[in-house]
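Each remark here refers to the structure printed beneath this line.
The values are calculated or read from the model by the stated rules, or taken from the named source; none is laboratory data. Just so it is clear, the structure is predicted and the values come from calculations on it, not from any experiment. Cβ sites come from the backbone with ideal geometry, for glycine too, and all protein chains shown count toward neighbours. The protein model used for the area step is the full one, side chains on, heavy atoms only, and it has no ligands, DNA or RNA in it. Shrake-Rupley method; radii C 1.70, N 1.55, O 1.52, S 1.80 Å.
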Amino acid sequence: MRWGFALFLGAAAALATLPDLVGLDAHSPFAQVIAFRPLMVAALGVLVVVGLLITLAARRFWPVPVVLALVALVGAAMVLPRTAAGPAPTGGTPLKVLALNVYEGNADTQSLAALVAAENPDVVSIPEAGGRYESEIAPLLEPLGYRTASSVDRWDRDVTGNTVAWSDRLGDVRTRIGKDVRFDYIEITGGGLGNLRFVAFHSVAPVPRSVGQWRSDLETVAKWCSGTSPAIVAGDFNASLDHSVFRNAIQGCGDAGSQTGNGLAGTWPTWAPSWLGPQIDHIVYNGGIAAESFGTRLVPGTDHRAIVATLRLP
């Protein structure tokens, strides 16, 4: 009975913490729960300590902390590498990227413009910003030397659109709207980017009724990560590196947060401390690009933190 109880608890812990190892995280409710794996691993660590203390008084209890410790160790092995920075890139051309989900076009435009002025990024990805929000942010960014474009017009809801802003330093770039995902993305290339494609991207959230569309949206990212042309995709993926669907989609790409040792810096929701929330906003890239820095910033009016990364282009 001791082992039966321990194995029951261990199976429950593994089901909640490690569903991606058997592909269950592609379905509800695991698609929602797995995003909080770092917290669950920490909670398991606390339970292991409590179990060991109980074992001091009741030695027969020892199978429980042992089984829970095994699950916690596997989970930690999948989470902790994101806190270790990779080799710092040397040489190459710097390209600064900023991304912010503006929550249905509610983020304060003055604050976003101030952030752009302070960070001076080369390109900006603005999910949940349609033509209406773009028409409001563009006059604030133009004096700073930026041009903008949106994937939907001002009569569509902001939540359905993506807006991109680029510095005049990049010259004349070409824009293309992609309609093979739920929320039309917008891609820029040419000018100072050369053959590099920069994509402002937003996936649907994996709520129960939209998990299938969420998987389809993320699978679209694979065409950039596995392509022969260099690409940077930035925005709200509504997925963390704990999701096997996301990991499979970005095979061939690096992730700026993880590469710089900041892979556990939460980007949503803003009412929670950064260490509590999952990192569902990302900047991913292929083609020999590497991340030099990554950080988060707060902007009033949205439930997402902005992410800022300096990349090095080979």
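Distance from the C-alpha centroid of the range 35-78 to that of the range 160-180: 48 Å, rounded to the whole angstrom. Under a model in which nothing but the beta-carbon of Lys, Arg (+1) and Asp, Glu (-1) is charged, the chain shows a dipole of about 1060 debye around its Cα centre.
Between F8 and T160, the distance separating the two model label sites (each 7 Å from Cα on the Cα→Cβ line) works out to 5.0 nm. Computed with a 1.4 Å probe over protein heavy atoms only, the accessible surface of the range 1-41 comes to 52 Å² per residue. For the pair L276 and L70, label points projected 7 Å from Cα toward Cβ lie 3.4 nm apart. Positive end of the dipole of the chain (Cβ unit charges, origin at the Cα centre): among T302, N106, G145, the Cα lying farthest that way belongs to T302.
Per residue, how much accessible area does the range 214-289 show when a 1.4 Å probe rolls over the protein heavy atoms, in square angstrom?
On the way: 2370 Å² over 76 residues.
Accessible surface, normalised per residue, equals 31 Å².
Expressed as a whole percent, the accessible surface of the range 59-183 that belongs to carbon and sulfur atoms is 55, based on a 1.4 Å probe.
What order do you get for 136-142, 269-275 when each peptide is scored by the mean count of other beta carbon atoms within 10 Å, highest first? If you can, show how the numbers build up before the last one.
Details: 136-142: 17.7, 269-275: 12.7.
Top to bottom by mean Cβ count within 10 Å: 136-142, 269-275.
Computing FRET efficiency as 1/(1 + (r/R0)^6) for V49 and Q251, where r is the C-beta to C-beta distance and R0 is 22 Å, gives about 0.05.
Maximal additional length on extending the A117-L298 stretch stands at 63.7 nm, based on 0.36 nm per residue less the C-alpha distance.
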